[in-house]
Each structure stands twice: as C-alpha cells, then as structure tokens.
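*Asks:* Pasting a structure here, questions to come.
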Amino acid sequence: MAEYKEILFHSDKIKTDDYLINMGPQHPSTHGALRVVAKLEGEIVEAVDPIVGYIHSGIEKMCESLGYHQVIHLTDRMDYLSAHINNEAVCLCVENALQIEVPERVKYIRTIFDELTRIASHQLWWCATGLDLGAMTTFFYGLRDREPILDIFEETCGARMTFNYNVPGGLMFDIHPNFQKRVKDFIKYFRKKLPEYDTLLTGNVIFTERTKGLGVLSKEDAIAWGVTGPSGRASGFECDVRKLHPYSAYPYVKFEEKLATEGDTFWRYKLRIEEMWESMNIIEQLIDNIPEGDHAVKMKGVIKLPEGEFYQRVETSKGDFGVFIVSDGKKNPYRLKFRSPGFSNLFALNQMVKGVKIADLVAIMATLDLVIPDIDR
Amino acid sequence: MNNDGLKQAISQIESEAVFKDGSQFLEITVPAGKLHHLCNLLKSTDETAFNYLVCLTGVDYPDCFEIVYHIDSTVHHHVIVLKARTEGRENPAIDTVGDIWPTAYAHEREVHDLLGVKFNNHPDMRRLFLEDGWGFPLRKDYVDPVRIIER
Amino acid sequence: MAFSIYDFTEFTKSIHEGLSSSLSPTMTTVVEWVIIGVLYILFVALFGLFLVYAERKVCAAIQQRVGPNRVGPWGFFQTIADFVKLLMKEIINPKGVDGFLYNVAPYIVIITVFIILSLIPFAPGLQAFDFDIGVFFVTAVSSIGVIGILLAGWSSNNKYSLIGGMRSGAQIISYELSIGLSIITMVIMSGTMQISGIINAQANGWFIFKGHIPAIIAFIVFIIASTAETNRGPFDLPEGESELTGGFHTEYSGIKFAFFFLAEYMNLFIVSAMATIIFLGGWMPLHFGEFNSFNAAMDVIPPIIWFFLKVCAIMLLIMWFKWTFPRLRVDQILTLEWKYLLPINLFNILLMTAVVLLGWHW
C-alpha cells in the first residue's frame with residue numbers, strides 16, 4: 001500500500017521543473033466538472049491529485065430542511081445514472097426506521113427497476129469508455145440500446161432520467177400495463193445486441209493491449225481504499241451489497257457475484273459487461289412473477305422518523321451506496337449523509353496511476369465509472 | 001461474530017467503551033483519545049478483522065461534534081458503528097484513522113470541509129469541496145443570508 | 001479544339017501554345033502558374049469540403065446514424081455552412097503565444113499539401129509537375145508538414161498542444177520510414193521514381209498484382225503507415241481528443257483551425273492518391289495481360305474516373321479504420337513501427353529485390 005504522504009503533492013510543494021497538467025474541469029475525459037491535476041514526467045504520470053467540488057450542490061445541507069418525501073427528489077441528482085437505486089436507498093432507510101413492510105409487488109418492481117437502471121448505467125459507461133479510448137462508434141451503439149430502457153421508464157413513471165418513482169412505503173403509482181411485455185421484449189433484443197459490444201471493443205486487439213495489466217489495484221488496496229462496485233470486484237473484493245445485505249427482492253433471485261482477481265483496467269471493463277448479462281438474468285427471474293397487490297402502503301403526509309440513527313446500504317451501478325440518517329424525531333432529518341461509491345473510488349485513483357501514460361490515466365478513470373455529481377453531491 | 005461477541009472483544013480492548021444496540025448495528029461510543037488505538041486493534045485482530053471502512057461522517061450536536069464510523073469486515077461480514085465525540089465545539093479535533101483505512105483520508109477531508117473538524121496527523125488537511133475561508137455549512141449555526149432562504 | 005476526358009495532354013498543350021503565341025515566355029509561365037494555382041485552390045476547397053461531408057456520412061453509416069441531413073439535399077451543403085461559420089469566427093491569439101510561429105504554423109501545413117498536390121496526376125496529362133524524382137520529392141515534402149504541427153504545438157503556450165506536438169513529431173518521423181521503405185520497395189519494381197513512369201509501367205497490370213506477395217505486404221504497410229502519417233484514428237494521438245482536448249490545434253480558431261482541418265483531409269487524399277499511384281496504377285484502367293476484350297472494355301471508363309474511384313476506395317478504408325478502432329497509446333505506436341513494420345519492410349525490400357532479380361513477377 002503506497003503511503004499517502006509520498007504520492008501527494010500540495011501546491012506549496014510544487015517545484016519549478018514539475019510539469020503539471022490539468023485534466024478538467026473542462027476536459028473531455030473527466031465526463032463532468034472534475035479536475036485531476038496530473039504531475040508528468042514527459043508522457044508518464046507520476047501522481048495525480050483529484051480536485052472536486054465544482055458542482056458541489058450541498059445536497060446534504062438541503063436535506064436537513066426538507067421532509068423525507070422531498071429528500072428522495074434530491075437523490076436523483078447525485079448519481080443520475082443510478083437514480084432509481086438512490087431513490088430506493090432513501091425509501092428503504094425510511095421504511096426500516098418506521099418498520100414498515102412494503103408489499104411483495106413493490107419489492108419485485110423495485111428490483112426490476114434497479115436492474116434496468118444498472119443496465120442503462122453500464123451501457124452509458126460503455127459508450128463513454130469507448131469514447132475515452134478513441135473509439136467513437138461505441139458511443140452510438142450504447143445509446144441505441146439505452147433508448148428502449150429509457151422508453152420503458154418513461155412509460156411507467158413519466159421520466160427518463162430523474163424518476164422519483166419510489167416513495168416511502170412503496171411506489172408512486174403502479175406499473176404500466178405494457179411494462180412486462182416491453183421489458184421482455186427488451187431483454188430479448190438486448191441479448192442479441194450485447195455480443196456486439198464484445199465484437200466491437202472487447203475483442204479488439206488495440207483495446208486489450210491498452211487495458212490488460214494497466215492500473216492494477218490489489219485486493220488489499222481495493223478494500224483499504226473502499227473501492228466498491230464492479231471496480232472493487234475486479235480486484236477480488238466481494239462487496240456486492242445485493243449478496244451481503246440483500247434488500248427488496250434480491251433474496252428471491254439466484255444470481256452470481258462476478259469476481260475477478262486481476263484488478264486491472266480490462267477486468268474492471270469486463271465485469272461490467274458480465275454484470276449486464278447477470279442483470280438480465282435477474283430481470284427474467286422476476287418479470288413473470290410480479291405478485292398482485294397494492295403498489296404502496298398508505299403513509300402519512302408528513303413522515304416523522306423515530307429518534308435514532310439509520311443506515312441503509314444498496315448496490316448502485318457504481319458500488320456501495322449508503323444513506324445515513326440521524327433523526328431527532330422531527331419531520332426533517334437532523335443529519336443526512338450519502339456515502340457515495342464514486343467518492344471513495346475516485347480517491348483510490350492515485351494507487352493505480354503511478355508510472356502510466358496520460359492516455360492510460362484516461363482509460364483508468366473511464367473504468368472507474370466516475371459520475372461527478374455523485375462525488376460532489 | 002455476533003453483537004455479544006463483539007461487545008466482549010471490544011470491551012476487552014477498551015474498557016471505557018459505551019455500547020448501545022441500535023436498530024440495525026451495534027453502536028459503540030469511545031473517548032476521542034482512545035479511538036485510534038481501538039481502530040488499530042479492531043483491524044489487526046483476526047477475530048474482528050474490521051478492514052473496510054464503509055462510511056465516515058460527522059454530526060453536529062449542540063455540545064460537540066460526533067464522528068461516526070461504519071466499519072465492515074470483509075472476512076466476517078459484521079458491521080459496527082463506532083462513534084467518537086470531540087471536546088466541545090471550539091477548535092474540534094480528533095485523531096485521523098487514515099493510516100488504518102486510507103479511504104478515511106478523503107472522507108475526513110470532507111468532514112473537515114463541511115463541519116470544520118480538524119483531524120490530527122492527517123497529511124493533507126485542505127478543504128475539499130469549498131474554497132478556503134468559506135464557513136462550515138453542515139454546522140447548525142451556519143448562516144448564509146445570500147444562499148439559504150429561511151422557510 | 002478537340003477535348004477528351006481520356007487524355008488531357010492535347011488539351012494542356014493547346015492552352016500552352018495559345019498563351020505563348022500571344023505572350024512572352026516569362027509571362028506565359030506566370031499566367032500558367034496563376035491558372036494552376038487557382039485551379040488547385042478551387043480543388044482543395046471543393047474536394048476538401050466534399051471529403052468532410054463524405055467522412056461524416058461514412059461515420060454516420062458506421063454508427064447507425066443519419067449524418068448531416070438538414071442543409072441542402074441529403075445535407076450536402078452542411079460542410080459549406082460549417083466552413084462559412086469557420087470563416088466568420090474570430091481569430092483568437094491567446095496570451096503568451098509565440099506570435100510569429102503561431103501564425104505561420106497553419107500555413108506551413110497547408111502549403112505542404114499544395115506542393116504535394118502539384119505532383120499528383122489525376123489523368124494522363126493532368127499533372128502540374130513531373131519530376132524524374134517524383135516519389136522521392138513527395139516523401140521529402142510531406143515531412144515538412146510535421147514542422148507545422150510541431151510549431152503549432154510549441155508556440156501555442158498550452159501544455160496539451162505541446163504534448164500533442166511532441167507526439168506528432170515522434171509519430172510522423174517514425175512512420176515516414178515505413179512509407180519511404182514501402183515506396184522504395186515498389187521503386188525497385190518499377191525501376192523509376194518518376195510518377196508518370198511508374199504509372200506507365202502498370203499499363204499491363206497494376207503493381208499490386210504484378211508484384212504479388214512483396215507488393216501486397218508493401219501495400220498493407222503503406223496503408224497503416226500513411227494512416228499514422230495523416231494523424232488519423234487509430235493513430236490520432238497528436239489530437240487525442242479525449243486525452244489532450246485538441247492536441248496541437250487546441251488554441252487555434254477560425255480560419256487557422258480550418259487550415260489544419262482541411263490539411264488533414266487533403267493529406268488523407270494525398271496518401272490515398274500515392275497508394276493509388278504506386279500500387280493500383282494511378283489513373284490506369286484495370287488491365288490483365290492478354291485479355292484484350294476485357295482491357296478494351298475497361299478503357300471505356302475515363303482515366304480520371306478510375307483515379308478517383310481508386311482513391312475513394314482507399315479513403316473509405318482509412319475512414320473505416322478511424323471509426324472502428326480505439327486509439328493506440330504512444331508507446332504502442334512506436335512499438336508497432338520500430339518492432340514490427342520496420343523489420344517487415346526491410347525484409348520485404350530484400351524479397352522484392354530477389355523477386356525482381358529472378359524475374360518472378362508478372
């Protein structure tokens with residue numbers, strides 16, 4: 001484990017002959033307003049310093065003055081690619097605190113939505129990874145297949161990105177009558193299309209040459225730096241919350257937690273593709289068995305949580321997402337903290353970049369799947 | 001290890017620890033000065049093996065700041081919540097646990113940025129999100145007449 | 001005046017005679033220069049625009065999109081609209097740039113393009129210069145282009161540009177070796193460096209067929225190396241959009257950026273034209289030894305169409321590379337050249353020499 005002190009550089013420790021380059025805040029590779037200062041020796045990166053906060057919107061502070069119904073709406077804006085899963089985390093946390101058992105139907109629908117969100121998120125990640133590595137065509141292939149998922153979302157909850165579909169106690173409204181059919185159609189379609197991803201990028205010799213053995217993160221480092229999600233699992237860190245602390249309908253389904261031991265960029269990439277397959281398996285197990293019933297439990301207009309501290313972990317497409325609510329019994333949370341996976345993943349970047357080229361830095365950042373509002377909150 | 005076992009193991013290390021069975025996890029409050037020692041042993045002892053710091057955050061209470069650590073073990077899959085309180089609200093400071101779980105360095109910077117708690121021995125105590133000279137927004141007494149509209 | 005699209009020799013000769021009958025020899029040369037210059041500028045502007053349009057349509061087809069389709073029929077005037085926009089844009093001189101070098105760099109790049117263009121024969125007689133060291137001159141002049149890119153990278157006072165410029169220098173200088181060596185391989189076969197001579201030697205069969213194995217190897221190497229030489233994907237490191245924002249042309253705007261942009265596309269045309277001339281017989285129709293009726297049928301298609309068909313086919317191939325492959329890394333680019341292409345090329349020269357000496361070619 002590299003020492004934090006050694007690799008870090010402060011602005012007052014920069015020497016005149018250090019060649020520093022800013023990746024961001026306006027830079028194509030950072031996918032948003034993230035700034036990564038890289039210290040270079042020619043083309044070789046010696047250390048990086050991620051500087052965040054360009055789109056810090058103070059969501060945690062805002063939550064302190066909002067009710068629990070309203071908090072959910074803010075969680076969409078953090079990791080906008082896992083919006084539904086973020087919503088669910090808050091809802092589960094509130095439901096656990098109030099000890100409400102939601103109907104089985106809700107659990108099933110939530111899980112299907114989770115997995116569709118995960119697929120959509122990984123698709124967009126795949127688009128962007130290809131783009132970062134210079135293969136622009138991936139971008140359009142990925143977006144083409146993401147569109148049907150967004151259409152399904154739009155049909156059921158009226159939104160394509162920020163759903164607000166979950167409410168404490170269930171769902172805002174029942175699924176659209178077409179939902180099951182369209183999801184099944186999509187799975188059928190995507191099972192045909194996903195192999196194209198492998199033919200276009202995974203199997204490409206340039207791609208494998210560029211990513212294999214690059215940016216290796218050992219299992220110990222992954223655990224120590226809290227790298228979760230597919231990025232952590234590529235290092236062999238068994239961190240799938242769906243397996244470890246099952247929620248919603250995950251206890252009812254059989255699925256595999258995909259693991260690799262290499263911990264390099266290629267396997268971080270590969271595992272996400274594998275996860276898409278796995279997500280389709282999960283959806284297929286659930287989609288025909290959605291039980292009949294209510295889509296929500298009747299809740300009061302103003303939710304008051306009992307005094308205490310509540311923590312809920314869910315697995316977003318980026319990793320281990322946590323909601324920590326400190327309640328003093330009022331209608332607003334006393335303190336609300338989001339443990340975002342991207343935040344921990346980003347700060348592990350320094351462990352992987354020592355001695356790589358600039359182009360590799362971009363590749364490593366791409367396979368960490370950074371979503372900047374998730375980091376800045 | 002279940003909660004009782006953990007209680008026993010921890011009270012052996014740290015006699016001043018106060019236990020509370022929370023709704024989900026075992027919550028343990030320890031004096032700020034003993035925190036680093038306890039964390040170190042929690043990670044290195046094989047029976048506890050708390051090697052994964054899930055979440056580190058701070059809460060502003062009227063008389064102190066409470067730093068909350070959610071710690072997981074990838075070996076035994078048990079989770080505890082450690083808590084340590086700073087002495088008063090004037091110049092709050094607490095030992096860093098970054099040398100035990102490096103991910104804490106980043107999380108501590110966030111707590112420092114938003115709550116103004118200083119972490120001793122932290123190598124890089126810069127602000128994270130906000131610029132230098134900004135207040136500490138997650139403190140309950142933070143006032144910003146321009147950006148916060150009172151309801 | 002008889003005008004044939006099969007052979008422009010008579011046509012150009014009659015213009016020359018007409019001019020010299022009424023003007024002094026010096027004035028004739030000056031007027032001819034002006035005519036040729038205007039024609040080339042027109043060609044670069046129009047064909048460059050067409051290439052940009054074609055690239056966008058090809059890439060759209062590969063990416064399952066429609067491509068430009070709003071301005072004019074099938075979006076044909078889109079690139080013209082874009083060009084007008086570029087012309088009207090403010091030319092920004094960023095603070096701290098090396099003024100002279102910064103301004104001169106795009107001109108060096110675009111001038112190189114014009115010099116090389118003047119050696120390209122579009123059809124019999126339609127060639128401005130025909131040196132006896134034609135191909136050698138082309139490889140020599142094309143190296144000047146990299147100076148423009150290096151200067152642009154150096155003078156922009158931008159770290160991305162500097163890295164882009166350095167990458168470009170390393171890359172182009174390396175790949176020039178491969179281009180040069182694969183041209184030499186074919187010069188061994190043709191026995192002349194004069195471009196018209198090379199084309200005429202392919203009258204009874206293109207070199208890629210006549211030279212079989214060594215010629216095909218040389219052709220593949222030439223295509224790879226020339227893709228790198230033009231800084232196109234997967235070798236577009238000097239621009240490296242996702243790494244270096246825009247590489248060497250990050251700081252350029254307006255017409256100066258347009259020069260780099262146009263030069264890139266004209267370089268694409270030039271390398272394709274060179275590949276056509278050296279391997280695919282230039283404007284020469286497809287001829288096979290003794291199949292006289294087939295050869296006669298092929299002769300019906302005018303040479304200028306043959307030339308552009310072949311060039312477009314190769315350009316399509318190079319565009320296809322760009323839109324399917326991810327970008328290489330800088331060390332991989334150098335490894336590919338120095339560890340693979342160069343040894344293959346050296347071996348191939350020996351092979352070709354043996355083939356020519358033993359008379360194993362057709």
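The values are calculated or read from the model by the stated rules, or taken from the named source; none is laboratory data. Since this is a predicted model, take the numbers as computed values, not measurements. So basically every Cβ, Gly included, is an ideal-geometry build from the backbone, and we count neighbours across all protein chains shown. Accessible surface is based on the protein model in full, side chains and every heavy atom, while ligands, DNA and RNA are left aside. Shrake-Rupley method; radii C 1.70, N 1.55, O 1.52, S 1.80 Å.
*Asks:* Please state which one of A:E155, A:E220, A:E209, A:E196 is facing another protein chain (nearest Cβ under 9 Å) and over 27 Å from A:G342 (Cβ atoms).
*Replies:* On the way: A:E155 fails: facing another protein chain (nearest Cβ under 9 Å); A:E220 fails: over 27 Å from A:G342 (Cβ atoms); A:E196 fails: facing another protein chain (nearest Cβ under 9 Å).
On inspection, the qualifying residue turns out to be A:E209.
*Asks:* So, in region A:309-339, exactly how many residues are of a type in the set (S, T, Y), more than 10 Å from chain B (Cβ to nearest Cβ) and under 28 Å from A:R118 (Cα atoms)? Before the answer, list the steps.
*Replies:* Start the filter on region A:309-339 by keeping residues that are of a type in the set (S, T, Y), which leaves A:311, A:316-317, A:327, A:334.
Applying the additional criterion that residues be more than 10 Å from chain B (Cβ to nearest Cβ) yields A:316-317, A:327.
Subset that is under 28 Å from A:R118 (Cα atoms): A:316-317.
Number of matching residues: 2.
*Asks:* What are the residues in region A:348-369 that are within 14 Å of chain C (Cβ to nearest Cβ) and assigned to a loop (DSSP other than H, G, I, E, B), if any?
*Replies:* Of the residues in region A:348-369, the ones within 14 Å of chain C (Cβ to nearest Cβ) are A:353, A:355-367.
If the condition is that a residue be within 14 Å of chain C (Cβ to nearest Cβ) and assigned to a loop (DSSP other than H, G, I, E, B), then A:V353, A:G355, A:V356 are the ones that fit.
*Asks:* May I pose another question? Just wondering, is there one or more residues in region A:296-308 that are within 12 Å of chain B (Cβ to nearest Cβ), at pLDDT below 90 and not in a loop (DSSP other than H, G, I, E, B)?
*Replies:* Yes, region A:296-308 contains at least one residue that is within 12 Å of chain B (Cβ to nearest Cβ), at pLDDT below 90 and not in a loop (DSSP other than H, G, I, E, B).
*Asks:* Return a yes/no flag: does region C:278-300 have any residue that is open to solvent by less than 10 Å² (accessible area, probe 1.4 Å) and in a helix (DSSP H, G or I).
*Replies:* There is at least one residue in region C:278-300 that is open to solvent by less than 10 Å² (accessible area, probe 1.4 Å) and in a helix (DSSP H, G or I).
So that you can scan it fast, the table gives a plain yes or no per residue for (1) surrounded by 19 or more Cβ atoms within 10 Å (Cβ to Cβ); (2) among the small types (G, A, S); (3) not assigned by TED's automatic domain parsing to the domain that holds A:S279:
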residue	(1), (2), (3)
A:L131	yes, no, no
A:M136	yes, no, no
A:F139	no, no, no
A:E155	no, no, no
A:M161	no, no, no
A:G169	yes, yes, no
A:H176	no, no, no
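*Asks:* Enumerate the helices (runs of 4 or more DSSP H) found wholly within region C:2-110, keeping only those where 2 or more residues are modelled with pLDDT of 85 or more.
*Replies:* Numbers: elements: C:9-22, C:25-62, C:78-88.
Fully inside region C:2-110 and qualifying: C:25-62, C:78-88.
*Asks:* Kindly check whether there is at least one residue in region C:208-221 that is open to solvent by 20 Å² or more (accessible area, probe 1.4 Å), at pLDDT 85 or above, among the aliphatic types (A, V, I, L, M) and over 19 Å from the mean Cα position of the chain (by Cα).
*Replies:* For region C:208-221, residues open to solvent by 20 Å² or more (accessible area, probe 1.4 Å), at pLDDT 85 or above, among the aliphatic types (A, V, I, L, M) and over 19 Å from the mean Cα position of the chain (by Cα): present.
*Asks:* OK, next. Suppose we keep only residues that are in a helix (DSSP H, G or I) and free of Cβ contacts under 8 Å to residues at least 24 places away in the same chain within region B:10-32. Which one would you say is most open to solvent (accessible area, probe 1.4 Å)? Give the steps one after another, and end with the answer.
*Replies:* The first filter runs over region B:10-32 and keeps only residues in a helix (DSSP H, G or I), leaving B:10-13, B:32.
Restricting the remaining residues to those that are free of Cβ contacts under 8 Å to residues at least 24 places away in the same chain gives B:11-12.
Working: B:S11: 49, B:Q12: 152 Å².
Checked region B:10-32; the qualifying residue most open to solvent (accessible area, probe 1.4 Å) is B:Q12.
*Asks:* Given the residues A:G134, A:G130, which is the only one that is touching a helix residue (DSSP H, G or I) at 6+ places or on another chain (Cβ under 8 Å), over 19 Å from A:I282 (Cβ atoms), in a loop (DSSP other than H, G, I, E, B) and within 11 Å of chain C (Cβ to nearest Cβ)? Don't jump to the end; show me each part of the working.
*Replies:* Details: A:G130 fails: in a loop (DSSP other than H, G, I, E, B).
After ruling out the rest, the residue left standing is A:G134.
*Asks:* Let me ask something else. Out of C:V311, C:V355, C:V330, C:V271, I need the residue that is open to solvent by less than 40 Å² (accessible area, probe 1.4 Å), within 14 Å of another protein chain (Cβ to nearest Cβ) and either in contact with a Gly (Cβ under 9 Å, 6 or more places away or on another chain) or β-branched (V, I, T) (or both). Which one? Even if it seems obvious, please write down each step before you answer.
*Replies:* Values: C:V311 fails: within 14 Å of another protein chain (Cβ to nearest Cβ); C:V355 fails: within 14 Å of another protein chain (Cβ to nearest Cβ); C:V271 fails: within 14 Å of another protein chain (Cβ to nearest Cβ).
It is C:V330.
*Asks:* Looking only at region C:219-251, which residues are outside any loop (DSSP other than H, G, I, E, B), away from chain A (no Cβ under 12 Å) and touching a residue at least 40 places away in the same chain (Cβ under 8 Å)? Spell out the reasoning first.
*Replies:* Residues of region C:219-251 outside any loop (DSSP other than H, G, I, E, B): C:219-229, C:241-244, C:247-249.
Adding the requirement that they be away from chain A (no Cβ under 12 Å) leaves C:219-229, C:248-249.
If the condition is that a residue be outside any loop (DSSP other than H, G, I, E, B), away from chain A (no Cβ under 12 Å) and touching a residue at least 40 places away in the same chain (Cβ under 8 Å), then C:F219, C:V221, C:F222, C:I223, C:I224, C:A225, C:S226, C:T227, C:A228, C:E229, C:F248, C:H249 are the ones that fit.
*Asks:* Among the listed residues B:Y52, B:Y61, identify the single one that is surrounded by fewer than 20 Cβ atoms within 10 Å (Cβ to Cβ) and within 10 Å of another protein chain (Cβ to nearest Cβ). First the steps, then the outcome.
*Replies:* Working: B:Y52 fails: surrounded by fewer than 20 Cβ atoms within 10 Å (Cβ to Cβ).
It is B:Y61.
*Asks:* Within region C:336-349, can one find any residue that is of a type in the set (S, T, Y) and at pLDDT 85 or above? Write out each step before concluding.
*Replies:* Narrowing region C:336-349 to residues of a type in the set (S, T, Y): C:340.
After this cut, where a residue has to be at pLDDT 85 or above as well, the list is C:340.
So far as region C:336-349 goes, yes, one or more of its residues are of a type in the set (S, T, Y) and at pLDDT 85 or above.
*Asks:* In region C:240-259, is there at least one residue being open to solvent by 40 Å² or more (accessible area, probe 1.4 Å) and under 17 Å from the mean Cα position of the chain (by Cα)?
*Replies:* Yes.
*Asks:* What are the residues in region A:291-336 that are charged (D, E, K, R) and more than 30 Å from A:E257 (Cβ to Cβ), if any?
*Replies:* Those that are charged (D, E, K, R) and more than 30 Å from A:E257 (Cβ to Cβ): A:E292, A:D294, A:K298, A:K300, A:K304, A:E307, A:D328, A:K330, A:K331, A:R335.
*Asks:* What residue, among those in region B:114-131 that are within 13 Å of another protein chain (Cβ to nearest Cβ) and among the aliphatic types (A, V, I, L, M), is surrounded by the most Cβ atoms within 10 Å (Cβ to Cβ)? Spell out how you get there, then give the answer.
*Replies:* Quick first cut of region B:114-131, residues within 13 Å of another protein chain (Cβ to nearest Cβ) only: B:114-115, B:119, B:121-131.
Add one more test, that the residue is among the aliphatic types (A, V, I, L, M), and what stays is B:114-115, B:125, B:128, B:130.
Values: B:L114: 28, B:L115: 21, B:M125: 16, B:L128: 23, B:L130: 15.
Among them, the one singled out is B:L114.
*Asks:* List pairs: first in region C:60-79 and at negative phi, second in a helix (DSSP H, G or I) and at pLDDT below 85, Cβ under 7 Å, 6+ apart or cross-chain?
*Replies:* If the second residue must be in a helix (DSSP H, G or I) and at pLDDT below 85, the pairs left are C:P68/C:G75; C:N69/C:G75.
*Asks:* Which one of the conditions (1) surrounded by fewer than 13 Cβ atoms within 10 Å (Cβ to Cβ); (2) in contact with a Leu (Cβ under 9 Å, 6 or more places away or on another chain) does C:V38 fail to meet, given that it meets all the rest?
*Replies:* (2)
*Asks:* With A:I14, A:I7, A:I55 as the choices, which residue is open to solvent by 20 Å² or more (accessible area, probe 1.4 Å) and modelled with pLDDT under 80?
*Replies:* Values: A:I7 fails: open to solvent by 20 Å² or more (accessible area, probe 1.4 Å); A:I55 fails: modelled with pLDDT under 80.
Only one candidate qualifies: A:I14.
*Asks:* Out of curiosity, is C:I149 under 25 Å from C:K13 (Cβ atoms), within 18 Å of the chain's Cα centre (by Cα) and open to solvent by less than 30 Å² (accessible area, probe 1.4 Å)?
*Replies:* Details: under 25 Å from C:K13 (Cβ atoms): no; within 18 Å of the chain's Cα centre (by Cα): yes; open to solvent by less than 30 Å² (accessible area, probe 1.4 Å): yes.
Judged against the criteria, C:I149 is not a match.
Rundown of residues vs (1) crowded, with 17+ Cβ neighbours inside 10 Å; (2) more than 21 Å from the chain's Cα centre (by Cα); (3) of a type in the set (D, E), yes/no style:
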| residue | (1), (2), (3) |
| --- | --- |
| A:R146 | yes, no, no |
| A:I152 | yes, no, no |
| A:V183 | yes, yes, no |
| A:K188 | no, yes, no |
| A:G215 | yes, no, no |
| A:D221 | yes, no, yes |
| A:G232 | yes, no, no |
| A:V241 | yes, no, no |
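*Asks:* Within region A:79-99, track down each residue that is open to solvent by 10 Å² or more (accessible area, probe 1.4 Å) and touching a helix residue (DSSP H, G or I) at 6+ places or on another chain (Cβ under 8 Å).
*Replies:* A:Y80, A:L81
*Asks:* Here is a further query. From the list C:L162, C:L119, exactly one residue is under 25 Å from C:P238 (Cα atoms) and not assigned by TED's automatic domain parsing to the domain that holds C:V44. Which is it? Please lay out each step first, then the result.
*Replies:* On the way: C:L119 fails: under 25 Å from C:P238 (Cα atoms).
Result of the check over C:L162, C:L119: C:L162.
*Asks:* For the condition more than 8 Å from every other protein chain (Cβ to nearest Cβ), farther than 22 Å from B:I10 by Cβ and part of a loop (DSSP other than H, G, I, E, B), what is the one hit in B:V111, B:V97, B:V146, B:V75? Outline the logic, then answer.
*Replies:* Values: B:V111 fails: part of a loop (DSSP other than H, G, I, E, B); B:V97 fails: farther than 22 Å from B:I10 by Cβ; B:V75 fails: farther than 22 Å from B:I10 by Cβ.
Only one candidate qualifies: B:V146.
*Asks:* Still on this structure, please answer the following. If we keep just the residues of region A:60-74 that are of a type in the set (A, V, I, L, M, F, W, C), open to solvent by less than 60 Å² (accessible area, probe 1.4 Å) and out of contact with any strand residue (DSSP E or B) (no Cβ under 6 Å at 6 or more places or on another chain), which is farthest from the other protein chains (Cβ to nearest Cβ)? Walk me through it before giving the result.
*Replies:* Quick first cut of region A:60-74, residues of a type in the set (A, V, I, L, M, F, W, C) only: A:62-63, A:66, A:71-72, A:74.
From what's left, open to solvent by less than 60 Å² (accessible area, probe 1.4 Å): A:63, A:66, A:71-72, A:74.
Then keep just the ones that are out of contact with any strand residue (DSSP E or B) (no Cβ under 6 Å at 6 or more places or on another chain); that gives A:66, A:71-72, A:74.
Numbers: A:L66: 10, A:V71: 15, A:I72: 19, A:L74: 15 Å.
Looking at residues that are of a type in the set (A, V, I, L, M, F, W, C), open to solvent by less than 60 Å² (accessible area, probe 1.4 Å) and out of contact with any strand residue (DSSP E or B) (no Cβ under 6 Å at 6 or more places or on another chain), I get A:I72.
*Asks:* Here is a list: C:G169, C:G197, C:G165. Which entry is surrounded by fewer than 23 Cβ atoms within 10 Å (Cβ to Cβ), within 14 Å of chain A (Cβ to nearest Cβ) and under 21 Å from the mean Cα position of the chain (by Cα)? Please lay out each step first, then the result.
*Replies:* Working: C:G197 fails: within 14 Å of chain A (Cβ to nearest Cβ); C:G165 fails: surrounded by fewer than 23 Cβ atoms within 10 Å (Cβ to Cβ).
Answer to the selection: C:G169.
*Asks:* Let me ask another. Return the only residue of A:K318, A:K270, A:K354 being among the charged types (D, E, K, R), closer than 30 Å to A:T211 by Cα and in contact with an Asp or Glu (Cβ under 6 Å, 6 or more places away or on another chain).
*Replies:* Details: A:K270 fails: in contact with an Asp or Glu (Cβ under 6 Å, 6 or more places away or on another chain); A:K354 fails: in contact with an Asp or Glu (Cβ under 6 Å, 6 or more places away or on another chain).
Exactly one residue qualifies, and that residue is A:K318.
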